[in-house]
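Chemist: First the structure, then my questions, so here it is.
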Amino acid sequence: MAKILVVGSVARDEVVRLHEPLRAGSHLEAQSVCQRLGGGGANVAIPLAHAGHQVLLLAPLGSDATGQELLRELAAEGIDTSALARVPGPSTRSLVLLEPNGERTVVNLHRCREAAAPERLRALAADAIYVRSRASDLTPLLAEKIEHGLVGAQLPPCEPGSRPAQVLVASESDLEGTLLNDPWALGQRVAGRCLKWVVVTRGSKGAEAFSSREHITVSPMPATVVDTTGAGDAFAAGLLHALLSGAGMKEALESGVAWGTAAVTSEGSFLSREAVVALLAATQPR
């Protein structure tokens, strides 16, 4: 298995289940469900650790009691927490609004940030890096790392040259206007000459991958949707797991879709250990 560095966030998700769909200007009934470990970085890192990879998470944590709780919870899930930074103030908190159909809306109540670029990234060795962060100060650090292994990153950001990476992952719902009219051209502007693939997730419509010569499409899988929180992060984890296991892009896309589909069928911000074990068992040769 691989050594993987995930760069992103760790959050305390406060989950509220709505009794009816969100409507602008409306008065809605809801119930508070739970508080749970979340954040984009954690949501990608934890399933990869459950799959047997050595996963190091680089993220900020607040100096409050919540930060200490999140640190313990990450360690319990098998994450190497040695690259986490404790910063003054509260930890990241997000309000997750779940509609009756399982669709989620995330409201960031507080975002914990480091005061400067995480220079410690330079000293961290890994077979692959996945960036689940929009921070602009990561650009020069990733430009150094791309010479030494696989770098994947989520879009946005979409500014020219902002994400040196071989693989970019974009959600259709995260990009507005005409940005996805030509995914390969968008990826080249963002990643530069090192780019090999742009992957686009389209929710219930499946996923696609674009290179300079190929366009690969994978159909969605049927699922009873319970909670869509972290589905895109689960997709990214499944995609990265397959690529690091030697799979081609079509097989990696299929893996991503399977992991993302599994994520929406139960409540939680990340794939459980049991879900990942089941996914791996389903792909073993018979």
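Chemist: Check the chain and count each lysine pair with an alpha-carbon distance under 17 angstrom, considering only pairs eight or more places apart or from different chains. Provide the component values of the computation, followed by the final result.
Modeler: Values: K3/K145; K145/K196; K196/K250; K205/K250.
Close lysine pairs found across the chain: 4.
Chemist: Another question about this same structure. Just the accessible area for H19, please: 1.4 Å probe, Å², rounded to the nearest 10?
Modeler: H19 exposes around 100 Å² with every protein chain in place.
Chemist: Using 0.36 nm per residue of separation minus the Cα-Cα distance, give me the extension gain between E69 and E267 in nm, one decimal. Mind dumping the intermediate values first?
Modeler: Values: separation 198, 0.36 × 198 = 71.28 nm, distance 2.04 nm.
Gain on extension, E69 to E267, equals 69.2 nm.
Chemist: With the Cα gyration tensor of the chain in hand, convert its eigenvalues to equivalent ellipsoid semi-axes via √(5λ) and list them largest first in whole Å.
Modeler: Working: eigenvalues 136, 110, 78 Å².
Its equivalent ellipsoid spans semi-axes of 26, 23, 20 Å.
Chemist: Can you pull the accessible area of D174 for me, 1.4 Å probe, Å² to the nearest 10?
Modeler: Probe radius 1.4 Å; accessible area of D174 about 60 Å².
Chemist: Ignoring ligands, DNA and RNA, please state the percent of accessible area on segment 188-286 from carbon and sulfur, probe 1.4 Å.
Modeler: Values: 2570 of 4920 Å².
Within segment 188-286, the accessible surface is 52 percent carbon and sulfur.
Chemist: Also: For M221 and A185, calculate 0.36 nm times their separation in residues minus their Cα-Cα distance, and state this gained length in nm to one decimal.
Modeler: Numbers: separation 36, 0.36 × 36 = 12.96 nm, distance 2.83 nm.
Between M221 and A185, full extension yields an extra 10.1 nm.
Chemist: Provide V225, V10 ordered by accessible surface of protein heavy atoms (probe 1.4 Å), highest first. Walk me through the intermediate numbers first.
Modeler: Details: V225 65, V10 0 Å².
Greatest to least solvent exposure: V225, V10.
Chemist: Under the rule of at least 5 residues apart or a separate chain, name every residue whose amide H is placed under 5 Å from the amide H of L150.
Modeler: Here the answer is I129, since their amide H atoms fall under 5 Å of that of L150.
Chemist: To the nearest 10 square angstrom, how much accessible area does L271 have with a 1.4 angstrom probe?
Modeler: About 10 Å², ignoring ligands and nucleic acids.
Chemist: So, one more: Looking only at A126, A223, A263, which one moves most when the chain is put into a Gaussian network model with springs between Cα atoms under 10 Å?
Modeler: Looking only at A126, A223, A263, the biggest GNM fluctuation is shown by A223.
Chemist: Find out how many positive minus negative residues lie around A76, taking Lys and Arg as positive, Asp and Glu as negative, among other residues whose Cβ is under 11 Å from that of A76.
Modeler: Working: positive: R72, R273; negative: E69, E73, E77.
Value of the local net charge: -1.
Chemist: Report the full-extension gain for the segment L109 to A76: residue separation times 0.36 nm, less the Cα-Cα distance, to one decimal in nm. The partial results should precede the final answer.
Modeler: Numbers: separation 33, 0.36 × 33 = 11.88 nm, distance 2.54 nm.
Full extension of this stretch gives 9.3 nm more.
Chemist: May I pose another question? Roughly how big is segment 1-63's charge dipole about its Cα centre, with Cβ charges of +1 (Lys, Arg) and -1 (Asp, Glu), in debye to the nearest 20? Don't jump to the answer; show the numbers that get you there.
Modeler: Details: 5 positive and 4 negative charges, 40 e Å.
Around 200 debye, computed over segment 1-63.
Chemist: For the chain, modelled as a GNM with alpha-carbon contacts under 10 angstrom, which of G41, G192, G248 fluctuates the most?
Modeler: Looking only at G41, G192, G248, the largest GNM fluctuation is found for G248.
Chemist: Quick one: among A59, A143, A191, which has the greatest mean-square fluctuation in a GNM of the chain with alpha-carbon springs under 10 angstrom?
Modeler: Evaluated over the chain, the most mobile residue of the options is A143.
Chemist: Let me ask something else about it. Per-residue ellipticity at 222 nm for the chain, helices alone: DSSP H runs ≥ 4 residues times -39500 (n - 2.57), over residue total, nearest 500 deg cm²/dmol?
Modeler: Details: 7 runs with 79 residues, N = 286.
Result for the chain, helices only: -8500 deg cm²/dmol.
Chemist: Let me ask something else. For a label point 7 angstrom out from the Cα of S26 toward its Cβ, which stretches of segment 98-139 have the backbone nitrogen within less than 11 Å?
Modeler: Counting backbone N atoms under 11 Å from the label point, the list is 99-101.
Chemist: Which whole-angstrom value gives the distance between the alpha carbon centres of segment 201-221 and segment 12-72?
Modeler: Distance between centres, Cα-based: 27 Å.
Chemist: Arrange the residues K250, K145 by how much accessible surface each exposes, largest first, with a 1.4 angstrom probe. List each step's numbers first, then the result.
Modeler: Working: K250 100, K145 30 Å².
Heavy-atom accessible area, descending, gives K250, K145.
Chemist: Also, I was wondering about something else. Using a 1.4 Å probe and counting only protein heavy atoms, arrange M249, M221, M1 so the residue with the most accessible area comes first.
Modeler: Working: M249 15, M221 95, M1 155 Å².
If we order M249, M221, M1 from most to least accessible, we get M1, M221, M249.
Chemist: Starting from the exponent 0.38 and prefactor 2.2 Å, build the expected Rg for segment 152-230 from its residue count and divide its actual Cα Rg by it.
Modeler: Values: Rg = 12.9 Å, N = 79, 2.2 N^0.38 = 11.6 Å.
Here the answer is 1.12, to two decimals.
Chemist: If you average the C-alpha positions of segment 74-109 and of segment 222-245 separately, how far apart do those two centres end up, in angstrom?
Modeler: 17 Å
The values are calculated or read from the model by the stated rules, or taken from the named source; none is laboratory data. If you're wondering where the values come from, they're calculated on a predicted model, not measured in any experiment. Cβ atoms come from the backbone with ideal geometry, glycine included; neighbour counts cover every protein chain shown. Just so you know, the surface numbers come from the protein's heavy atoms only, side chains and all, with ligands and any DNA or RNA stripped out. Shrake-Rupley method; radii C 1.70, N 1.55, O 1.52, S 1.80 Å.
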